[in-house]
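In what follows, a structure is listed as C-alpha cells, so that the remarks can point back to it.
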C-alpha cells in the first residue's frame with residue numbers, strides 16, 4: 001500500500017491526475033487513495049484547466065500523450081496562468097526524448113509507464129516539498145509587498161535609491177531634497193517596515209519586486 005510517514009499528517013495533500021485512459025485514472029486513484037493523498041481525476045487537460053479555480057494547490061500527474069491537448073500544451077497553459085504546482089509527467093516506456101522535453105518545459109520528474117508505488121511516492125514527496133517551498137516563497141513575497149505598499153511615495157523613492165547603492169548625499173541631489181530630509185525619510189521608512197537594519201529593508205524590497213532607481 002502507498003504510505004506516507006508520519007501517520008499523524010493532518011494537512012491534506014492533493015494530487016490532480018490527468019490521463020485520457022480511464023483504466024489508468026482508476027488505477028492511480030486507487031493507489032493514491034490507499035495512501036495519504038486526496039486525488040482528483042481528469043480525462044483531459046481542458047477539464048483540468050476549466051476546474052482550476054475550484055482546485056486546491058497540489059501536485060499534477062500528467063500524461064504526455066493525449067489527443068487534442070497534449071501534456072506540453074497543458075504545461076504551457078498552466079505557465080501562462082501563473083500556476084506553479086509541481087508537474088510529474090507520465091510517459092510511455094523508452095520515451096526518453098519526450099521526458100527530457102517535459103523536464104525542460106518545467107516538469108519536476110517523469111515516470112515511465114508502468115511504474116510502481118515506490119516510484120510514484122518518491123516523485124510525489126519531492127513534488128510536495130517543492131510545493132511547500134514555492135508556497136512559502138509566495139507568502140513572503142505577498143507579505144513583503146503589503147509592507148512596501150504602506151510606504152509613502154518619498155519613502156519608497158529613498159528605498160529604491162538605497163537599492164541602487166546611492167549614498168544619502170547622492171540621493172538627496174537625485175531627489176532634489178536636503179540631506180536631512182533624506183535621513184528623515186530613511187528613518188521613517190525603516191520604522192514603517194518594522195526592520196532594524198538596511199539589509200532587512202533591502203531584502204523586503206527584493207522580495208516585493210521593487211525596482212532600484214535607474215542610474216543617471
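Nothing in this text is a laboratory measurement; each read-out follows from the coordinates by a stated rule. Everything numeric here is computed off the predicted structure, so don't read it as measured data. A quick note on method: Cβ atoms are made from the backbone with ideal geometry, for glycine too, and the neighbour counts reach across all protein chains shown.
With the convex hull drawn over the C-alpha atoms of the chain, the volume per residue is 164 Å³.
Between the range 44-78 and the range 99-140, the C-alpha centres lie 15 angstrom from each other. Apply the Debye scattering formula to the range 150-208, with a single equal point scatterer on each alpha-carbon and no solvent, then give log10 I(q)/I(0) at q = 0.15, 0.26, 0.28, 0.30 Å⁻¹. At q = 0.15, 0.26, 0.28, 0.30 Å⁻¹ the computed log10 ratios are -0.36, -1.10, -1.26, -1.40.
Over all orientations, the range 14-138 has a Cα convex hull whose mean projected area works out to 7.1 square nanometres.
Sorting 42, 72 from the fewest to the most surrounding beta carbons within 10 angstrom yields 72, 42. For the options 48, 204, 62, a Gaussian network treatment of the chain with springs between C-alpha atoms closer than 10 Å singles out 204 as fluctuating the most.
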